[in-house]
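Enquirer: Here it is, the structure, as structure tokens.
The values are calculated or read from the model by the stated rules, or taken from the named source; none is laboratory data. Quick caveat, the model's predicted, so the values are computed rather than measured. Here Cβ is always computed from backbone atoms with ideal geometry, including for glycine, and neighbour counts include all displayed protein chains. Keep in mind that these areas ignore ligands, DNA and RNA; they rest on the heavy atoms of the full protein, side chains included. Shrake-Rupley method; radii C 1.70, N 1.55, O 1.52, S 1.80 Å.
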Amino acid sequence: MKIKMKEILRSDYNFMVGLRSQSHASAEQAAKLRELYGKYINESRMSVLNSTCSTCVVEMMNDMCNYLQQEDLKIID
């Protein structure tokens, strides 16, 4: 998986960390996750990951958790 950038806005980071602790995402959260997935994680895969497909949401959440664990991730305000 190609990671696009190492900087992340604090508000986006906080959203992803909060979502990581949940067992599932609401429709609104899944739509926001899809937006952030394209912005930070993998824009080229975003087109095949549908935010209404539960399997796709799980894939995006797994990728998001991997993204959040990067040691060189820089949180910016």
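Enquirer: Give the aspartates and glutamates reachable from residue 32 as a straight Cα distance under 15 Å; neighbours fewer than 8 places away on the same chain don't count.
Expert: Straight-line reach from residue 32, under 15 Å: 12, 43, 59, 63.
Enquirer: Cα axis of helix 27-36 to longest principal axis of the chain: angle in degrees, 0 to 90, nearest 10?
Expert: 40
Enquirer: Follow-up. Using a probe radius of 1.4 Å on heavy atoms only, what accessible surface per residue do you get for segment 11-77? Whole Å² is fine.
Expert: Accessible area per residue, segment 11-77: 58 Å².
Enquirer: Sticking with this one: Ignoring ligands, DNA and RNA, what percent of the 1.4 Å accessible area of the chain is carbon and sulfur?
Expert: 50
Enquirer: Give the relative contact order (percent, whole number) for the chain; include only Cα pairs under 8 Å separated by 6+ residues.
Expert: Worked out over the chain, it gives 47 percent.
Enquirer: About the Cα centre of the chain, what is the dipole size in debye to 20, counting +1 per Lys and Arg Cβ and -1 per Asp and Glu Cβ, all else neutral?
Expert: That gives the chain a dipole magnitude of about 80 debye.
Enquirer: Over the chain, what number does the Rg to Rh ratio reach, with both radii from the alpha-carbon atoms and Rh per Kirkwood?
Expert: Dividing the radius of gyration by the Kirkwood radius yields 0.93.
Enquirer: Right, here's the next one. Going by amide H atoms built from the backbone, whose H comes under 5 Å of the H on residue 9, apart from near neighbours?
Expert: Under 5 Å from the amide H of residue 9: 76.
Enquirer: Once you measure Cβ to Cβ distances between cysteines in the chain, which Cys have no partner under 4.7 Å?
Expert: Singleton cysteines: 65.
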